[in-house]
Amino acid sequence: MRWLKHGYLGLVYLLLYLPIAVLVVFSFNASRNPYRWQGLSLEWYARLWDNDALIQAAANSLLLATTAATLSTLIGTLTAIALHRYRFRGKRLLNGMLFVVMMSPDIVLAISLLVLFILLGVKLGYLSLLLAHVTFCLPFVVVTVYARLSGFNAQIIEAARDLGASEWQMLRTVLVPIIFPAVMAGWLLGFTLSLDDVVVSIFVTGPTFEVLPLRIYSMVRLGVKPEVNALATVLLMLSLLALLASQYFLARK
Amino acid sequence: MAPTRTDAEAAWRVATPEQTILQLQGISKSFDDKRVVCPLDLDVRHGEFLTLLGPSGCGKTTLLRLIGGFERPDGGTILLAGRDITRLPPNQRPVNTVFQSYALFPHMSVFDNVAYGLRAERRPRAEVESRVREVLNMVQLEELAGRRPDQLSGGQQQRVAIARAVIKKPRLLLLDEPLSALDYKLRKQMQIELKRIQRELGITFLFVTHDQEEALSMSDRVVVMREGHVEQIGTPRDVYENPSNLFVARFVGEINVFDAEVAEVLGDGRLVGQIEGRRITLPARNGGFAVGDALHVLLRPEDLRLLPPEREEGFSGEVVERNYKGMTLESVIRLESGLQLLASEFFDEDDPDFDYRLGERIKVTWVPNWEILLPRETARAV
């Protein structure tokens, strides 16, 4: 039984992590042929560093992900607070719409955003990407923060007001500090979503602003280059760091 | 010298216990078309310990929240020391609340929790420091000032909640079932402590509970509520010994209810009542009953007496249940008419007749003159 249990678990992890492990290992491969091991080398990392277009795309992606995550966190946190704390017209509608955005396929969102941008005359590039990314990140931030808000005792807010805090003082000294871990988690979620989005980006991107996933996609179309392995490894490390950070914030209750 | 404005203010502040600190005038509140508080008036006297007592859903907590400013009344006025506060937000009312769930700030230390109210007022640092120390000392929590709420026991959290609310020296302290989460022993202890704090600070306490024992033992006056109405206001003794209706009688302690009819009014005002087929002389009451009137004769379990069956007086019945309660022995007796009575007797080791067995036939009587007489209620079933 013991053997079976460990064997099963091992199989699950093998299935999950073997592809990633292969990728990481082959990023250090000396051979140009991505399917044959020819000894250890950092050549592809050097090539990656020299590939200006790729580095530029990575920088663009980081900029986009950071701004999109920040903007959606700001809007999303305020939305979650409003949904939780106040009664207003159309509250249930707003709540429902968030889920519609979250559930609808990326492709639908992508096409509708593209049509909208063309109709409104928004120039395709950084701005259109930013707006699109904020759109699909927003519901996730709202849901994350809202979950935290509904998990805690509303009388805490009343207590702050009761003790003489104005609405603003209460937000600053009680509500925001309490939901801060969820706000951070929401930001990281948005950052990750934005960083690896392909479907929406491919529709609303413009020639002036190339993002990393699309750059990689175009590179891979002509066969997987070992540089891409190196790049993927770097990204993997970054995601791991982000994951650790989010766990740290969530654990700090 | 003509009295200055400050003199007048000083005179106003030295209020006698008879003065009113809080006045509710025609306050009402509904949630989604459901009346929770029907238009009601209530006066709270300066320095008193007033308890709102009633079953859950009677509107007592809503009333407290209206006074605290967390709900807006649909109609009516709330006056605090003569000033209309009906429309003021909670932070502008000189009233503080101890919440049922304590509602401590989880991300702050005990010290910061207690200091919160003073810091919101932007008091000088030195004053905050000394007043927090003083209040923590009063609730015996000085050593725990650096702890977080989740590192405290329930009783300690309760003390922090009280300290945090009284530090601002409110005109009125609202307590929303503050002891309901504590176990029996701790609750008893905190009851005594709350009374001590109230004496020391001289703050008016408005206390909400559904526990009649707690209400009777702590309050100066009790307000019994039902379905958004005030049923009776009085001292604990008043409410217990002279309930104004069947609901109050039944809610505040156990009670036995006999249906009776007035058979005769005696010359001295006493009545002769027809109860369970027997004629019983009842005390004179200012109710002004006439012959033929239907009434309830109410008796507390401790006023009933159980006698051996061969005695002449009393109603015949059978012991159907016996519950040992430590200090007292409770018996349920079924009369021949089917009416069930609860009798509660103190142990008396010299009384040989005391120990009736289950199923034994006995006679039930009571101490004359201890009956409570109420006009018969038919419409409002309890």
Along Cα→Cβ, 7 Å out, is where each label goes; now give me the distance between the ones at A:W37 and A:A21 in nm to one decimal. 1.1
Length gained if A:V199 through A:W49 is fully extended, taking 0.36 nm per residue and subtracting the Cα-Cα distance, is 51.3 nm
Cα-based Rg (one decimal) and Dmax (whole number) for chain B, in Å? 25.5, 83
So, for chain A, what is the accessible surface per residue at a probe of 1.4 Å, expressed in square angstrom? 57
Heavy-atom accessible area of A:M97, protein chains in place, probe 1.4 angstrom, given in Å² to nearest 10, is 110
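Using just the Cα positions, wrap chain A in a convex hull and report its mean projected area in square nanometres, one decimal place. Intermediate results must be reported in sequence, preceding the final value.
Numbers: hull surface 76.8 nm².
Reported value for the Cα convex hull: 19.2 nm².
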Hey, which aspartates and glutamates would be in cross-link range of A:K225, C-alpha to C-alpha under 14 Å, not counting anything within fewer than 8 residues on its own chain? A:E43
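Can you tell me the alpha carbon radius of gyration of the range A:114-253 divided by the globular rule-of-thumb value 2.2 N^0.38 Å? If you can, show how the numbers build up before the last one.
Details: Rg = 20.1 Å, N = 140, 2.2 N^0.38 = 14.4 Å.
Taking the Cα Rg and dividing by 2.2 N^0.38 Å, one obtains 1.39.
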Separation of the B:V272 and B:R250 label points, Cα + 7 Å toward Cβ, nm: 3.2
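How big is the dipole moment of chain B about its Cα centre under a simple scheme where the beta carbon of each Lys and Arg is +1, that of each Asp and Glu is -1, and everything else is neutral? Debye, nearest 20, please. Display every interim value, and only then the final one.
Values: 50 positive and 58 negative charges, 478 e Å.
Magnitude of the dipole: close to 2300 debye.
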Select from the range A:123-160 all residues whose loss of accessible area on going from the chain by itself to the full protein assembly reaches 20 Å² or more (probe 1.4 Å). A:N153, A:Q155, A:I156, A:E158, A:A159
Percent relative contact order of chain B, based on C-alpha pairs within less than 8 angstrom and at least six residues apart? 14
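Accessible area per residue, 1.4 Å probe, Å², for chain B: what's the number? Mind dumping the intermediate values first?
On the way: 18610 Å² over 382 residues.
Roughly 49 Å² per residue, with all protein chains present.
Would you kindly calculate the translational diffusion coefficient of the protein assembly as shown, applying Stokes-Einstein with the Kirkwood radius from alpha carbon pairs, for 4 °C and a viscosity of 1.567 mPa s, and quote it in µm² s⁻¹ without decimals? Walk me through the numbers before you get to the answer.
Working: Rh = 31.4 Å.
Rounded, D is 41 µm²/s.
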Which value in Å does the Kirkwood hydrodynamic radius of the range A:192-253 take, with 1/r averaged over all unlike C-alpha pairs and then inverted? 13.5
Set the bar at 24 Å for Cα to Cα. Now go through B:K34/B:K168; B:K29/B:K188; B:K60/B:K195 and name every pair that lies beyond it. B:K34/B:K168; B:K29/B:K188
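Using a 1.4 Å probe over the heavy atoms of the protein chains, calculate the carbon and sulfur portion of the accessible area of chain A as a whole percent.
Taking all protein chains in place, chain A shows 72 percent carbon and sulfur surface.
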Hey, what did chain A get for relative contact order, percent, Cα under 8 Å, at least 6 apart? 32
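Tell me, what does the Kirkwood hydrodynamic radius of the range B:213-368 come to in angstroms if you use every pair of distinct C-alpha atoms? It would help to have the intermediate numbers written out before the result.
Working: mean 1/r = 0.0581 Å⁻¹.
One decimal place: 17.2 Å for the Kirkwood radius.
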Compute the signed sum of charges (Lys and Arg +1, Asp and Glu -1) over the other residues within less than 13 Å, Cβ to Cβ, of B:E213. -1
For the protein assembly as shown, build the charge dipole from Cβ charges (+1 Lys, Arg; -1 Asp, Glu) around the Cα centre, then report which of B:G146, B:P309, B:A165 sits farthest towards its positive end. B:G146
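Using 0.36 nm per residue, how much length does the chain from B:L88 to B:E321 gain when fully extended, once their Cα-Cα distance is taken away? Mind dumping the intermediate values first?
Numbers: separation 233, 0.36 × 233 = 83.88 nm, distance 5.53 nm.
That pair, B:L88 and B:E321, stretches by 78.3 nm at full extension.
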Counting only protein heavy atoms, what percent of the accessible surface of chain B is carbon or sulfur at a 1.4 Å probe? 47
How much net charge surrounds A:S128 when only the other residues with a Cβ under 14 Å from the Cβ of A:S128 are counted, with Lys and Arg +1 and Asp and Glu -1? -1
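Which whole-number value in Å³ per residue fits the convex hull of the alpha carbons of the range B:255-344? Walk me through the numbers on the way to the answer.
On the way: hull volume 10.0 nm³, N = 90.
Enclosed volume per residue, from the Cα hull, is 112 Å³.
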In the protein assembly as shown, with Lys and Arg counted as +1 and Asp and Glu as -1 at Cβ, which of these residues, B:T97, B:V319, A:A65, has the Cα nearest the positive end of the dipole, that is, farthest along it? A:A65
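For the pair A and B, how large is the buried accessible area, both sides, in square angstrom to the nearest 100, if the probe is 1.4 Å?
Between A and B, the summed buried area is about 1800 Å².
Can you sort A:I118, B:I333, A:I202 by 1.4 Å-probe accessible area, starting with the largest? Intermediate results must be reported in sequence, preceding the final value.
Values: A:I118 115, B:I333 0, A:I202 80 Å².
Sorted by accessible area, descending: A:I118, A:I202, B:I333.
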Report the one residue of A:L149, B:G59, B:I203 whose Cα lies farthest in the direction of the positive end of the charge dipole of the protein assembly as shown (charges on C-beta: Lys and Arg +1, Asp and Glu -1; origin at the Cα centre). A:L149
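Give me the net charge for the shell around B:E336: Cβ to Cβ below 9 angstrom, other residues only, Lys and Arg +1, Asp and Glu -1.
Values: positive: B:R334; negative: B:E276, B:E318.
After counting each charged neighbour, the total is -1.
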What spacing in nm lies between the two simple spin-label points modelled at B:L186 and B:R35, each 7 Å away from Cα in the Cβ direction? 4.0
In whole angstrom, largest first, the equivalent ellipsoid semi-axes that the Cα gyration tensor gives for the range A:25-161 are 42, 22, 14
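The values are calculated or read from the model by the stated rules, or taken from the named source; none is laboratory data. Owing to the predicted nature of the structure, the values given are computational and were not obtained by experimental measurement. So basically every Cβ, Gly included, is an ideal-geometry build from the backbone, and we count neighbours across all protein chains shown. We work out accessible area using only protein heavy atoms, side chains counted, and drop any ligands, DNA or RNA first. Shrake-Rupley method; radii C 1.70, N 1.55, O 1.52, S 1.80 Å.
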